[in-house]
Amino acid sequence: MTPTFLPRRLWSAALLLMLTLLAGCSAPAMAPQSAPGWQGETQTLKRKLAITPFDASRPEQTLLSVIRLSEEGMRVVIATPTGQRLFTLVRDEQGARYTQSIMDEPPFPAKWFAQRLEWSLRPESELTAAFKDSAWRVQDQRFEHGRVRKILDGDTLMARIDTIDHPVDQAHDVLTDFQIGYRMVITPFGDAQDAGGMP
């Protein structure tokens, strides 16, 4: 579906979301990245994303995502709660890019979006290896409620990911991006190890 045929309300909401995520930040800092492939069996992760900007004057947003991790790389479909696809992100040997979008050109870089997702999904060892010989660092700590991961550029805290895994039925992640100024609560809504196709 092209933007020409997209309902005005949905188009406005999608544009507002994109602008909210990168408000006041035209050139987000990028860390060194791991190779695009993922070890083990192909996984399909379903996540609800509740996004809250630090600026209370900006509205909260809720989106749905389907993330496929395979030896070839990562593929992410982002949709509204009603199921309308907004865009698809791919990261593989050719780099990070959008293959489908309601916009001619999304207002934030695909590489940036892919990197933030990988900060919460990849093991600490892979991020440590990727950050080697750079100013970037990852610090993982375990607490009773779960894991706290900090991503630092030198001494500057860029992001923090709190993984709440106790109790199990309330498991979720909280990604706080201090550079961009938002908090994202990432809640599973049905995971499956699946070698089949992506929606």
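Just a few scattered comments:
- In order through the stretch 181-187: 3J(HN,Hα) via Karplus (6.51 cos²θ - 1.76 cosθ + 1.60), integer Hz, x for Gly, Pro: x, 8, 10, 10, 8, 10, 10
- Per-residue Karplus couplings for the stretch 74-86, computed as 6.51 cos²θ - 1.76 cosθ + 1.60 with θ equal to phi - 60°, are listed in order as 10, 10, 10, 9, 10, 9, 6, x, 8, x, 6, 5, 9 Hz, Gly and Pro entered as x.
- At R0 = 22 Å, FRET efficiency that the Cβ-Cβ distance of Lys132 and Lys111 yields, to 0.05: 0.70
- Probe 1.4 Å, protein heavy atoms only - accessible area per residue of the stretch 45-105 in square angstrom: 51
- Surface composition of the stretch 66-169: carbon plus sulfur atoms hold 47% of the accessible area, using a 1.4 angstrom probe and ignoring ligands, DNA and RNA.
- With the simple model of a label 7 Å out from the Cα in the direction of the Cβ, Tyr98 to Arg147 spans 3.0 nm.
- Whole-Hz ³J(HN,Hα) from phi, Karplus 6.51 cos²θ - 1.76 cosθ + 1.60, for the stretch 46-63, glycine and proline x: 10, 9, 8, 10, 9, 9, 10, x, 4, 6, 5, 6, 8, x, 6, 9, 10, 10
- Look at where the Cα atoms of the stretch 115-163 and of the stretch 61-88 average out, and the two centres are 23 Å apart.
The values are calculated or read from the model by the stated rules, or taken from the named source; none is laboratory data. For clarity, every value in this text was computed on a predicted model and none was experimentally measured. Methodologically, a virtual Cβ is constructed for each residue, glycine included, from the backbone with ideal geometry; neighbour enumeration extends over all protein chains shown. Please note that ligands, DNA and RNA were not included when accessible areas were found on the heavy atoms of the full protein model with its side chains. Shrake-Rupley method; radii C 1.70, N 1.55, O 1.52, S 1.80 Å.
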